[in-house]
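Colleague: This is the structure I want to talk about, given as structure tokens.
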Amino acid sequence: MRYLKIFLVTVLIFVRTAARADEGMWLPLLLSKLNEKQMKSLGMKISAKDIYSINSGSLKDAIVSFGGFCTGEIISNKGLVLTNHHCGFDAVQNHSTLEHNYIRDGFWAKNYSEELKNPTLFATFIVRIEDVSTLALSGVTTNMSESERQSTIDKNINLIRTNAKKEKYQDSFVRGFFENNQYYLFVTETYKDVRLVGAPPSSIGNFGKDTDNWMWPRHTGDFSMFRIYAGKDNKPAEYSPENVPYVPKKSLSISLDGVAENDFTMVFGFPGRTMEYLYSAAVEQIMTVNDPAKIAIRDKALNVIDGFMRKDEQIKIQYAAKYASIQNSYKKWQGEVMGLTSTNAVGKKRTYEAEFQKRVDANPQWKEQYGSLLRHLDDAYSALKPHGYARDYYTEIVSRIELFTIASQMNSLVAAYEKEGEKGYKTRLDQVKNILSGIYEEYNAAVDQKLFETLMAMYIKDQEARYVSPLLKEFLNDAEDFNKLAVKIFDATNLDDAGATMKWLDKPAAEAVVDIKKQLVVQLQQDLLKTYQAQVQGKLNEIQSSINKLQRTYMQAQMDVFKEKTFYPDANSTLRVTYGNVKGYNPRDGVQYGFYTYLDGVMEKYKPGDYEFDVPEKLRSLYNAKDFGQYGSNGKMPVCFIARNHTTGGNSGSPALDAYGNLIGLNFDRVWEGTMSDINYDPSICRNIMVDIRYVLFIVDKFAGASHLVKEMKLVHPKKK
């Protein structure tokens, strides 16, 4: 009992303090109000205005949302952008062929004319951020339904965007924060001419691949380089050979001094999604139901794809990006379950909730307003549990089988024809052809057929019968087993053949629609969807709507009840700052990890010819000669380091900055034990992983011979001041 009391007192001390120094994803415009003092106490030497200003060039003007899925930073006054290798991988893959395999060999443009265009890639700057909560919530009342509330807010947001002060070439969006209790306007500038400048071979940029993904110690040179081009007026412009390198308001200086333990670090970027304020039952379901279900499905899918990739170089190129994407979340969820379990996340949530309820019950106003809130949340999550499992099974399995994606596109043509006749069909046809072209470029029917056979077995065997497509059961009864079922479905269609499908789509609309409806896979895709919509989606949406309202109320309630705590908003792909200190960690009993890795570790992991751990001959030669140039430190070549910065997906490619705002590294991952930081940040094991900027420069300069790029950059020695 004595130890229990000590534990509870410790928890309450945490509750009664502001957010920890190493936790939080903070809005940059609020740093001066909420964080600057604390940041300076940790060692920061610049001001909040140096980080975010709308009147003069600041660090925010060197940060871009890279393609909408990663972060990038400007590192020269000629628009040179640095991001992760895995963020630029799709571009590298799209330019790769068997003759010019840039995935395997790397790519480096010697001049502007050799830089490669990427039609769908863009870079977005944040011009300014404004609190528009009052305007966005105008007319919203507590007795509104969720749809009525959202409709009112949407109308307000349209008005806000219409009236927002911006240039003709700028855009804007409004995003909700704190479960849509607050709203902020973001004015943006988007550049659509972004060209590939350079990327190391995957044996450097993705060294360790699947084995080392989400792991520490790490030895991956996870970077690539692009360049933003603008019109001759330096404004955003569509791709043109006449465009010129963009001249930024701010580019990052690069420190060659490295980091020491406890050094201040700051990560600036666009984190995707976190859920730090969830109710305990939600965390428990993620840990025991949803993550395990998705892990099991992806395990089967990865085994199928890996088997083909190891035997066929063309399939390896086609499926490299897809495999990496599937594997990334698969391993992340495994670490998430482990971290939530080892840190007793659910138990801590329940202790926090008990204190919340105690305070609510002691305050008559709060008791009337929030007294039954936790009970209602508990009931809602109990109702959600089976439907959430069925949702994950449907979405994970159907999305992994690309023939279903193709069938879905064909069904969209049927729907367009039945709604608007030949006119509607032709309008939709161009969109479908474009989508299918992208799919077929990276598609192999044999791989997809094996995925169908493997995953359809899970779909039927691992969930309740009411959630399973009746037509699939009928097909299986006729075929007798899943192998024969897969053969039957794939033999009965030409949709797994790009040439045949595109030729088919040139038929007259009426004839094509009749043929589409006859396809067994089209019929099956429709029945899978109808079953999901009837048995899962409707009820799920109803429950989720209730949860959204309860969670929004709970978020506001926490902010009302724990006035002494400084809350930060969950990540939602908007510009944020996180900060902390360089620090090793102790993941489990008897294991202590340092905060740095070196090129020595790359050589220790080296396995000649291995898919994950091969090392280029030139890199081995540079290592043996200790030819590190100005980038080495005490006779060694630093590679990666870790710190207590609160990051998540979307922070890939984010700059790691020192106390002066100089670039010291490139964020690319988190440690496996701490991937649960999206739900439960714990400073004991949550660490972000960064490639040391000196390793980046060493690879560019000494390995790739692209010293002309280094000459664009401003290199500094802040620790020698």
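One line per residue, one yes/no per condition, for (1) of a type in the set (S, T, N, Q); (2) surrounded by fewer than 18 Cβ atoms within 10 Å (Cβ to Cβ):
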{"residue": "Tyr606", "(1), (2)": "no, yes"}
{"residue": "Gly609", "(1), (2)": "no, yes"}
{"residue": "Lys618", "(1), (2)": "no, yes"}
{"residue": "Ser621", "(1), (2)": "yes, yes"}
{"residue": "Pro638", "(1), (2)": "no, no"}
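Colleague: Looking at the stretch 146-255, what helices (runs of 4 or more DSSP H) fall wholly within it and have at least 1 residues that are surrounded by fewer than 20 Cβ atoms within 10 Å (Cβ to Cβ) and either among the small types (Gly, Ala, Ser) or outside the structural domain of Gly584 (by TED's automatic domain parsing) (or both)? Walk me through how you get there before you give the answer.
Modeller: Numbers: elements: 146-163, 202-205, 209-212.
The qualifying helices (runs of 4 or more DSSP H) are 146-163.
Colleague: Could we say that Gly79 is touching a Pro at 6+ places or on another chain (Cβ under 6 Å) and on the phi > 0 side of the Ramachandran plot here? Please lay out each step first, then the result.
Modeller: On the way: touching a Pro at 6+ places or on another chain (Cβ under 6 Å): yes; on the phi > 0 side of the Ramachandran plot: yes.
Yes, satisfied.
Colleague: Here's something else I'd like to know. Could you look through the stretch 312-328, keep only residues that are out of contact with any helix residue (DSSP H, G or I) (no Cβ under 6 Å at 6 or more places or on another chain) and either charged (D, E, K, R) or assigned by TED's automatic domain parsing to the domain that holds Arg588 (or both), and pick out the one that is nearest to Glu673 (Cα to Cα)?
Modeller: Lys322
Colleague: Given the criteria farther than 29 Å from Gly421 by Cβ, at pLDDT 95 or above and of a type outside the set (A, V, I, L, M, F, W, C), does Asn483 qualify?
Modeller: yes
Colleague: Do we have any residue at all in the stretch 458-466 that's touching a residue at least 60 places away in the same chain (Cβ under 8 Å), assigned by TED's automatic domain parsing to the domain that holds Ser399, surrounded by fewer than 20 Cβ atoms within 10 Å (Cβ to Cβ) and touching a Ser or Thr at 6+ places or on another chain (Cβ under 8 Å)?
Modeller: Let us first name the residues in the stretch 458-466 that are touching a residue at least 60 places away in the same chain (Cβ under 8 Å), namely 458-459, 462-464, 466.
Now narrow it down to the ones that are assigned by TED's automatic domain parsing to the domain that holds Ser399: 458-459, 462-464, 466.
Applying the additional criterion that residues be surrounded by fewer than 20 Cβ atoms within 10 Å (Cβ to Cβ) yields 458, 462-464, 466.
Okay, now just the ones that are also touching a Ser or Thr at 6+ places or on another chain (Cβ under 8 Å), so none.
Scanning the stretch 458-466, I find no residue that is touching a residue at least 60 places away in the same chain (Cβ under 8 Å), assigned by TED's automatic domain parsing to the domain that holds Ser399, surrounded by fewer than 20 Cβ atoms within 10 Å (Cβ to Cβ) and touching a Ser or Thr at 6+ places or on another chain (Cβ under 8 Å), so the answer is no.
Colleague: Has the stretch 376-399 got at least one residue that is among the acidic types (Asp, Glu) and buried (at least 21 other Cβ atoms within 10 Å of the Cβ)?
Modeller: There is at least one residue in the stretch 376-399 that is among the acidic types (Asp, Glu) and buried (at least 21 other Cβ atoms within 10 Å of the Cβ).
Colleague: Can you say whether Asn163 is without any contact (Cβ under 8 Å) to a residue 40 or more places away in the chain and under 21 Å from Gln369 (Cβ atoms), as far as the supplied structure shows?
Modeller: no
Colleague: Can you name the number of the only condition in (1) touching a helix residue (DSSP H, G or I) at 6+ places or on another chain (Cβ under 9 Å); (2) buried (at least 23 other Cβ atoms within 10 Å of the Cβ) that Asp627 fails?
Modeller: Condition (2) is where Asp627 drops out.
Colleague: Just to be sure I understand, how many residues within the stretch 631-652 are assigned to a strand (DSSP E or B) and at positive phi?
Modeller: 0
Colleague: What pairs come up if the first residue lies in the stretch 489-505 and is within 28 Å of Lys473 (Cβ to Cβ), the second is in a loop (DSSP other than H, G, I, E, B) and of a type in the set (Asp, Glu), and their beta carbons are under 7 Å apart, counting only those six or more places apart or on different chains?
Modeller: Partner pairs satisfying both residue conditions: Phe490/Asp496.
Colleague: Tell me whether the stretch 202-223 contains one or more residues that are on the phi < 0 side of the Ramachandran plot and more than 28 Å from the chain's Cα centre (by Cα).
Modeller: Checked against the condition, which is being on the phi < 0 side of the Ramachandran plot and more than 28 Å from the chain's Cα centre (by Cα), the stretch 202-223 yields no hits at all.
Colleague: While we're here: Can you tell me which residue among Val521, Val513, Val468 is out of contact with any Cys (no Cβ under 9 Å at 6 or more places or on another chain) and modelled with pLDDT under 95? Explain how you work it out, then say what you get.
Modeller: Numbers: Val521 fails: modelled with pLDDT under 95; Val468 fails: modelled with pLDDT under 95.
After ruling out the rest, the residue left standing is Val513.
Colleague: Of all residues in the stretch 335-348 being part of a helix (DSSP H, G or I) and out of contact with any helix residue (DSSP H, G or I) (no Cβ under 6 Å at 6 or more places or on another chain), which is nearest to Phe308 (Cα to Cα)?
Modeller: Selected residue: Met338.
Colleague: Have a look at Lys331, Lys367 and point out the one that is over 27 Å from Glu464 (Cβ atoms), part of a helix (DSSP H, G or I), modelled with pLDDT of 95 or more and outside the structural domain of Glu673 (by TED's automatic domain parsing).
Modeller: The conditions single out Lys367.
Colleague: With a cut-off of at least 2 residues that are more than 30 Å from the chain's Cα centre (by Cα) and among the β-branched types (Val, Ile, Thr), name the helices (runs of 4 or more DSSP H) lying wholly within the stretch 409-513.
Modeller: Working: elements: 445-461, 470-479, 482-491, 498-504.
Qualifying helices (runs of 4 or more DSSP H): 482-491.
Colleague: Among Ala136, Ala109, which is the only one that is under 19 Å from Asn181 (Cα atoms), touching a strand residue (DSSP E or B) at 6+ places or on another chain (Cβ under 7 Å), at pLDDT 95 or above and surrounded by 13 or more Cβ atoms within 10 Å (Cβ to Cβ)?
Modeller: On inspection, the qualifying residue turns out to be Ala136.
Colleague: Another question about this same structure. Does the stretch 59-68 contain at least one residue that is crowded, with 22+ Cβ neighbours inside 10 Å, aromatic (Phe, Trp, Tyr) and over 30 Å from Gly208 (Cα atoms)?
Modeller: no
Colleague: Taking Pro119 and the conditions (1) more than 27 Å from Gly269 (Cβ to Cβ); (2) surrounded by fewer than 18 Cβ atoms within 10 Å (Cβ to Cβ), which numbered condition does it fall short on, given that it satisfies the others?
Modeller: Among (1) more than 27 Å from Gly269 (Cβ to Cβ); (2) surrounded by fewer than 18 Cβ atoms within 10 Å (Cβ to Cβ), the lone unmet condition for Pro119 is (1).
Colleague: Identify, from the list Leu520, Leu540, Leu575, Leu622, the residue that is in contact with a Lys or Arg (Cβ under 9 Å, 6 or more places away or on another chain) and without any contact (Cβ under 8 Å) to a residue 60 or more places away in the chain.
Modeller: Leu520
The values are calculated or read from the model by the stated rules, or taken from the named source; none is laboratory data. What you see is a predicted model; the values in this text were computed from it and never measured. Cβ: placed from backbone, ideal geometry, glycine included. Neighbour counts: every protein chain shown.
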